[in-house]
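The values are calculated or read from the model by the stated rules, or taken from the named source; none is laboratory data. Since this is a predicted model, take the numbers as computed values, not measurements. As a convention, Cβ positions derive from the backbone with ideal geometry for all residues, glycine included, and neighbour counts pool all protein chains shown. The accessibility values were calculated without ligands, DNA or RNA, using every heavy atom of the protein model including side chains. Shrake-Rupley method; radii C 1.70, N 1.55, O 1.52, S 1.80 Å.
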Amino acid sequence: KTKYSKLILGTSDMVPEELHRMVQEGFLTLRKHDCFFQDLVRIKGRDFLTPVSRILIGNPGCTYKYLNTRLFTVPWPTEGYDVNYCSPEIRDACKALIRLNDYLHIKAVKALQGQNLLETKEIKDTAVIDSEHNSATSLTEKESVSKDQSCCVPEDDYVSLKNRTSYNLTLLNYMDPMQMLYLKQEPYFGMGNMAVSWHHDENLVERSTVAVYSYSCEGSAVEESNEQKPKGRDPAVWHVGLKVAWDIETPGLAIPLHQGDFYLMLDDLNMTHQHCVLAGFSPRFSSTHRVADCSRGTLEYIFGRCELALQNLQTDSDSKALSLKSLETAVVKQVEEIHNEVEFEWLRQFWFQGKRYLKCTDWWLKPMAKLEEFWRKMEIMTRLLLSEVRKKEQTEEQRNETINCFLQVLTERQRLRKEWTER
């Protein structure tokens, strides 16, 4: 209650049977179609394959970046988007995950409402609402209650409550520990084998909730082992581990996750604490729902950036020759930075591991072709800029100013091309 109050565990009996069935069938379908992949991630300048296999499913055009690797969503069925899935089974799996997403969103809103009222009660020592009414109260009712009673909970918390729980994607994980030759031991509390080491989830909207649904394919081995382990954590059962960040004095927490359990990391828990995943004996799937910070990670965003850069390119109406509208250093620098962003944050990230998405859908091929077209025009713009710099009309001062401004960006482009070629 004092150190881990923002962790909420939901047992499988709280989840509707039909939803369990749909989601678990969806996991097995994606596994059957080989849709789970190990990611090649970059840590401290070195590349590693993740022990866990993953797939990202979510809003069309969204991406999620972690450890220098950008993942591209397999879109779940969304109104207004035409998604061509490789099979009806894969479509059903994605549909099941958006249903789970909606369910976990509702659970998170209720949990946060409960926490907000609890905190208010502690601050003002007023009886706000009894707990039964609390879970049933709607978000709008809760706003009026809080305002009427001039609570100390900031008003914008209620406004942002929905935003901080509106998950735009889920990162699915799969791992069979019996196929792993080596798993790291948890180093601080003797918790045993780790499937995922201590970490914070990155690239999330500030103070947003993370919701995780766990499905371990439990069999007789797990049931038997419960008898043999009177104390400590049962090594056959999967657990989520939590610890206070940068603190190994406060005892760590290991919570067993049985088939169909879920947990919520509310508010700022992901920042104040670290979590790890402790491997059991059986294979396990998990669906980790997040409010990814997509401010720089959607197609809409990158297309907007491209259009901004291409405003500096003009075509002569008679000769059809291309030229640059402006040689102002600020304009030139912005265009070349966008050029780098398109190439290294999108095109190379996609084609680096992108062909694997074709096992689910071809949805990303058209936008990627469009981005490549924009990139080609930006390559022309770089060449036009270099030829302008070489012209005699340019004074020494102008030339130096232009070169100083974009040499840095070109040097970075060269370095990154070398790095990506090696990767």
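Residues in segment 393-423 that are part of a helix (DSSP H, G or I), among the polar types (S, T, N, Q) and open to solvent by 40 Å² or more (accessible area, probe 1.4 Å): Gln398, Asn400, Asn404, Gln408, Thr411, Gln414, Thr421.
Can you pull out the residues in segment 11-29 that are of a type in the set (Gly, Ala, Ser) and within 24 Å of Ile255 (Cα to Cα)? Please lay out each step first, then the result.
Filtering segment 11-29 down to residues of a type in the set (Gly, Ala, Ser) leaves 12, 26.
Within segment 11-29, just Ser12 meets the criteria.
Of all the listed residues (Tyr85, Tyr103, Tyr66), the sole one being modelled with pLDDT of 95 or more, within 20 Å of the chain's Cα centre (by Cα) and assigned by the TED database to the domain that holds Val205 is Tyr103.
Consider segment 27-73. How many of its residues are part of a strand (DSSP E or B), out of contact with any strand residue (DSSP E or B) (no Cβ under 8 Å at 6 or more places or on another chain) and not β-branched (Val, Ile, Thr)?
Initial filter on segment 27-73 (part of a strand (DSSP E or B)): 37-43, 46-58, 62-66, 69-72.
Still in the running and out of contact with any strand residue (DSSP E or B) (no Cβ under 8 Å at 6 or more places or on another chain): 43, 46.
Within this subset, residues satisfying the condition of being not β-branched (Val, Ile, Thr) are 46.
Looking only at that region, the number is 1.
In segment 298-321, which residues are modelled with pLDDT of 95 or more and within 19 Å of Arg383 (Cα to Cα)?
Initial filter on segment 298-321 (modelled with pLDDT of 95 or more): 298-314.
Scanning segment 298-321 gives Cys306, Glu307, Leu308, Ala309, Leu310, Gln311, Asn312, Leu313, Gln314.
Within segment 25-49, if we keep just the residues that are modelled with pLDDT under 95 and open to solvent by less than 10 Å² (accessible area, probe 1.4 Å), the residue that is nearest to Leu169 (Cα to Cα) turns out to be Asp39.
Of the residues Lys325, Lys359, Lys377, Lys333, which is over 16 Å from Arg70 (Cβ atoms), over 35 Å from the mean Cα position of the chain (by Cα) and not assigned by the TED database to the domain that holds Val74? Before the answer, list the steps.
On the way: Lys359 fails: over 35 Å from the mean Cα position of the chain (by Cα); Lys377 fails: over 35 Å from the mean Cα position of the chain (by Cα); Lys333 fails: over 35 Å from the mean Cα position of the chain (by Cα).
Of the residues listed, the single one that is over 16 Å from Arg70 (Cβ atoms), over 35 Å from the mean Cα position of the chain (by Cα) and not assigned by the TED database to the domain that holds Val74 is Lys325.
Can you tell me which residues in segment 169-189 are touching a residue at least 24 places away in the same chain (Cβ under 8 Å), open to solvent by less than 100 Å² (accessible area, probe 1.4 Å) and in a loop (DSSP other than H, G, I, E, B)? Result: Asp176, Met180, Leu183, Glu186, Phe189.
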